[in-house]
1. Pro132: without any contact (Cβ under 8 Å) to a residue 60 or more places away in the chain, open to solvent by less than 70 Å² (accessible area, probe 1.4 Å) and over 28 Å from the mean Cα position of the chain (by Cα), yes or no?
2. For residues that are touching a Pro at 6+ places or on another chain (Cβ under 6 Å) and not in a loop (DSSP other than H, G, I, E, B), scanning just the stretch 283-293, find the one that is least open to solvent (accessible area, probe 1.4 Å).
3. Going by the structure shown, is Leu363 touching a residue at least 12 places away in the same chain (Cβ under 8 Å), within 29 Å of Gly56 (Cβ to Cβ) and of a type in the set (A, V, I, L, M)?
4. Suppose the filter is surrounded by fewer than 22 Cβ atoms within 10 Å (Cβ to Cβ), at pLDDT below 95 and among the acidic types (Asp, Glu); does Asp241 pass it?
5. How many residues, within the stretch 135-170, are part of a loop (DSSP other than H, G, I, E, B) and either in contact with a His (Cβ under 9 Å, 6 or more places away or on another chain) or on the phi < 0 side of the Ramachandran plot (or both)?
6. Within the stretch 3-53, track down each residue that is of a type in the set (A, V, I, L, M) and in contact with a Phe, Trp or Tyr (Cβ under 6 Å, 6 or more places away or on another chain).
7. Just one of Val272, Val279 is touching a residue at least 24 places away in the same chain (Cβ under 8 Å) and among the β-branched types (Val, Ile, Thr); which is it?
8. Sort out which residues of the stretch 68-106 are open to solvent by 40 Å² or more (accessible area, probe 1.4 Å), assigned to a helix (DSSP H, G or I) and without any contact (Cβ under 8 Å) to a residue 60 or more places away in the chain, and write them in order of number.
Amino acid sequence: MRELELLIPTLFGLEGLCAEELRRLGLPEVKAENGRVGCKARPEDIPRVNLNLRTGERVLLVVGRYHAADFEALFEGAKALPWEDYIPREGAFPVKGHCLNSALHAVPACQSIVKKAVAARLGARYGLNTLPETGALYQIQFSIMKDTAMLMLDTSGAGLHKRGYRAQGVAAPLRETLAAAMVLLSRYRGRDPLCDPFCGSGTIPIEAALIAKNRAPGLNRSFSAQKWACVERELWLRAADEAMDKEFHGDYDIWGGDIDPKAVAIARDNAVKADVEDVVRFEVADATKFHRDAPVGRVVTNPPYGERIMEKREAEELYRSFGKAWAKFPETWKLYLLSSHTEFERTFGKKADKKRKLYNGMLKCDLFMYGVR
């Protein structure tokens, strides 16, 4: 396989973090755009990026891009791409995608045309009128933006936020990629205590534990491209070995508390699945009475937002009480709190030192930072 191009979609606001991760992995020509990060790669980077990336949503392999202002151009451009380099005779190749600011805007019609074009190309190469599609999954994704079509293969399968440790969650769970981003933005390196007094199913403390241990988040799951003949099995084994060799083994003070005993039980179970139960503690605890004696530390948390009117009042009361608990902490502690509530600072009782806009799915939030200069 020749030099490759990868495209990694991200939640809005995480592009810079994802780009930094790719640079640390040694990927060349990393470029962050709105909602995605691109880079050049070699075949062995497909397993490495899938296994190690904390803030990207999936790893897409770019097969080609071309101008497509009408259906004929879309068909001919797709048919001209070397699909046989990737998809074998039995490969299943469903198509999905999106269009934005383009003459072509009917997604189902574009899906159908790309599918026909790829089938025509592969059928001609393999001498078949009808392709069996009984083998491994080669999910094709297309993006048509400003009349430029980009056709890609999804190497990940399930989104990268599905680490494999969260079999069940609680209401309104935080996506793992966003939890990891919050921990990375707090500059946590495993030295000081890290606490989450609204831990829910434990996502933030578990991601903090994975970061502290430098453990690759994808080690406990599988990926679509593991079944691809064009990405040798040996490359996956080598990438996993490389990731495990880089793990740290130390003592860390990572704590999660929640008022709901059921959530705490789920968090403990998730920590076991993530292989971090030895470095993270979960307790039933009331966030409004939160206190720690350590001279330094950080709190990274995602309290309830209160999207409905009644819940909004409850959320405000919670922020007010938590603000009073936080006021008793020494200035050496740092707080990173994610909320979509527009009046958070007023109810919390203190203006944030810094704010960063992030998205929890499609919900616009702010990461309120205290004790940060």
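The values are calculated or read from the model by the stated rules, or taken from the named source; none is laboratory data. Keep in mind that what you see is a predicted model, and the values were worked out from it rather than measured. Ideal geometry is used to build each Cβ from the backbone, glycine not excepted, and the neighbour counts take in all protein chains shown. Calculation scope for accessible area: heavy atoms of the full protein, side chains included, ligands and nucleic acids excluded. Shrake-Rupley method; radii C 1.70, N 1.55, O 1.52, S 1.80 Å.
1. Considered against the rule, which asks whether it is without any contact (Cβ under 8 Å) to a residue 60 or more places away in the chain, open to solvent by less than 70 Å² (accessible area, probe 1.4 Å) and over 28 Å from the mean Cα position of the chain (by Cα), Pro132 comes out as yes.
2. Across the stretch 283-293, the extreme among qualifying residues is Ala287.
3. Considered against the rule, which asks whether it is touching a residue at least 12 places away in the same chain (Cβ under 8 Å), within 29 Å of Gly56 (Cβ to Cβ) and of a type in the set (A, V, I, L, M), Leu363 comes out as yes.
4. Judged against the criteria, Asp241 is not a match.
5. Going through the stretch 135-170 one residue at a time, the tally reaches 19.
6. Of everything in the stretch 3-53, just one residue is of a type in the set (A, V, I, L, M) and in contact with a Phe, Trp or Tyr (Cβ under 6 Å, 6 or more places away or on another chain), namely Leu11.
7. Answer to the selection: Val279.
8. Matches in the stretch 68-106: Phe71, Glu72, Phe75, Glu76, Lys79, Glu84.
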